[in-house]
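Below: one structure, written as C-alpha cells.
The values are calculated or read from the model by the stated rules, or taken from the named source; none is laboratory data. Remember, predicted model here, so these are calculated numbers, not experimental data. Cβ placement follows ideal geometry from the backbone for every residue including glycine, while neighbour counts extend to all protein chains displayed. Protein only, heavy atoms only, side chains kept; ligands, DNA and RNA dropped before computing areas. Shrake-Rupley method; radii C 1.70, N 1.55, O 1.52, S 1.80 Å.
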Amino acid sequence: MVYGIVAIQKFTEGDGYVVQVGGTMHVVDLQSGRMLYTRTLSTRSRANNASSAISAAFQSIGRTFGRDIARKLP
C-alpha cells in the first residue's frame, strides 16, 4: 500500500507565482506490515499564473516520488 500527504508549504506572488510543495510518502507491505519506503521531499515551481505554478509543483513532486520509489523497491 502506498500512502502519504503532499501540501502547499509556501505561495509567493511577485514576479510571477512561486509555489513550494512538500510531503511524505510511505510504502507498506500489507502482508507483513513492514515499511518498505518512507521519504520526505519538497519542490518548488514558478509560472505566470497561480494554477499553472500549483499544477507544475504537484506534478514535479509526484514524478520525483514515483521515480524514487521505482528505483528503491525491488
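In table form, for the structure just shown:
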read-out: Qualifying positions in the stretch 26-58 - closer than 19 Å to Thr12 by Cβ and of a type in the set (S, T, N, Q); value: Ser42, Thr43, Ser45, Asn48, Asn49, Ser51, Ser52, Ser55
read-out: In the stretch 3-30, the residues that are closer than 25 Å to Pro74 by Cβ and either free of Cβ contacts under 8 Å to residues at least 12 places away in the same chain or surrounded by 13 or more Cβ atoms within 10 Å (Cβ to Cβ) (or both); value: Gly4, Val6, Gly23, Thr24, Met25, His26, Val27, Val28, Asp29
read-out: Total residues in the stretch 44-58, condition in a strand (DSSP E or B) and among the hydroxyl-bearing types (Ser, Thr, Tyr); value: 1
read-out: Options Thr38, Thr12, Thr24, Thr64: the member that is hydroxyl-bearing (Ser, Thr, Tyr) and in contact with a Gly (Cβ under 7 Å, 6 or more places away or on another chain); value: Thr24
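Quick grid of which residues meet (1) under 27 Å from Gly16 (Cβ atoms); (2) part of a strand (DSSP E or B); (3) open to solvent by less than 50 Å² (accessible area, probe 1.4 Å); (4) in contact with a helix residue (DSSP H, G or I) (Cβ under 6 Å, 6 or more places away or on another chain):
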| residue | (1), (2), (3), (4) |
| --- | --- |
| Ser32 | no, no, no, no |
| Ser42 | yes, yes, no, no |
| Ser60 | yes, no, yes, no |
| Phe65 | yes, no, yes, no |
| Asp68 | no, no, yes, no |
